[in-house]
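The values are calculated or read from the model by the stated rules, or taken from the named source; none is laboratory data. In this text, all values refer to a predicted model and were calculated from it rather than measured experimentally. Cβ sites come from the backbone with ideal geometry, for glycine too, and all protein chains shown count toward neighbours. Heavy atoms of the whole protein, side chains included, go into the accessibility calculation; ligands, DNA and RNA do not. Shrake-Rupley method; radii C 1.70, N 1.55, O 1.52, S 1.80 Å.
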Amino acid sequence: GLLSVFSSALASTNDSSQTQAAVANLTSSFSFLIMSLIGFLVNVVGLIVIPMFLWKGQSVGKKLLKIKIVKATGEETENMDILKRYAIPFGLTILGVIPVINILVCCVNPIVAITNLVLLFSDDKKQTLFDKVAETLVVNE
């Protein structure tokens with residue numbers, strides 16, 4: 001695993017500057033992986049676990065703002081509605097940890113954000129892209 005990669009990186013270096021560069025590269029890669037996993041877990045808890053199981057239809061931010069997600073019909077959301085609503089941001093988060101693909105995600109994220117802003121201010125129901133996919137609305141509590 002990681003130890004064998006580290007050992008081979010050190011064995012292939014001839015001087016201390018190469019060794020330091022190899023260690024810095026491995027440390028940077030490992031730090032990126034750990035931070036990506038932390039971000040992934042925060043997204044899972046914040047966008048999926050809390051709205052599905054603790055506060056029906058509410059993330060922490062929505063709870064603080066006293067708004068919630070409901071079905072477009074006005075009914076309370078079900079777990080599948082929450083999963084559909086967060087499929088796009090959750091999917092982008094997962095893809096964002098994959099090398100090379102993360103570059104594409106960095107290009108797609110602003111497009112999604114701008115699309116959401118345009119929809120938020122132009123749609124009569126104030127539905128974002130996520131709401132349209134899941135057929136949900138965000139309403140006052």
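Does residue 47 count as open to solvent by 40 Å² or more (accessible area, probe 1.4 Å) and in a helix (DSSP H, G or I)?
In short, no.
State yes or no: is residue 64 loosely packed, with under 13 Cβ neighbours inside 10 Å, assigned to a helix (DSSP H, G or I), modelled with pLDDT of 80 or more and within 13 Å of the chain's Cα centre (by Cα)?
Answer is no for this residue.
With (1) open to solvent by less than 80 Å² (accessible area, probe 1.4 Å); (2) more than 17 Å from residue 128 (Cα to Cα); (3) touching a residue at least 40 places away in the same chain (Cβ under 8 Å) as the list, and residue 81 as the residue in question, which single condition is left unmet?
For residue 81, the exception is condition (2).
Quick check on segment 119-135. Is at least one of its residues of a type in the set (Phe, Trp, Tyr), farther than 19 Å from residue 41 by Cβ and either part of a strand (DSSP E or B) or under 17 Å from the mean Cα position of the chain (by Cα) (or both)?
Restricting attention to segment 119-135, the residues satisfying the condition of being of a type in the set (Phe, Trp, Tyr) are 121, 130.
Among the residues that remain, those that are also farther than 19 Å from residue 41 by Cβ are: 121, 130.
Remaining after also requiring either part of a strand (DSSP E or B) or under 17 Å from the mean Cα position of the chain (by Cα) (or both): 130.
Yes, segment 119-135 contains a residue that is of a type in the set (Phe, Trp, Tyr), farther than 19 Å from residue 41 by Cβ and either part of a strand (DSSP E or B) or under 17 Å from the mean Cα position of the chain (by Cα) (or both).
Taking segment 118-134 on its own, how many of its residues are open to solvent by less than 70 Å² (accessible area, probe 1.4 Å), without any contact (Cβ under 8 Å) to a residue 24 or more places away in the chain and acidic (Asp, Glu)?
1
Check residue 57 against each of (1) outside any loop (DSSP other than H, G, I, E, B); (2) in contact (Cβ under 8 Å) with a residue 12 or more places away in the chain and name the one condition it does not meet.
(1)
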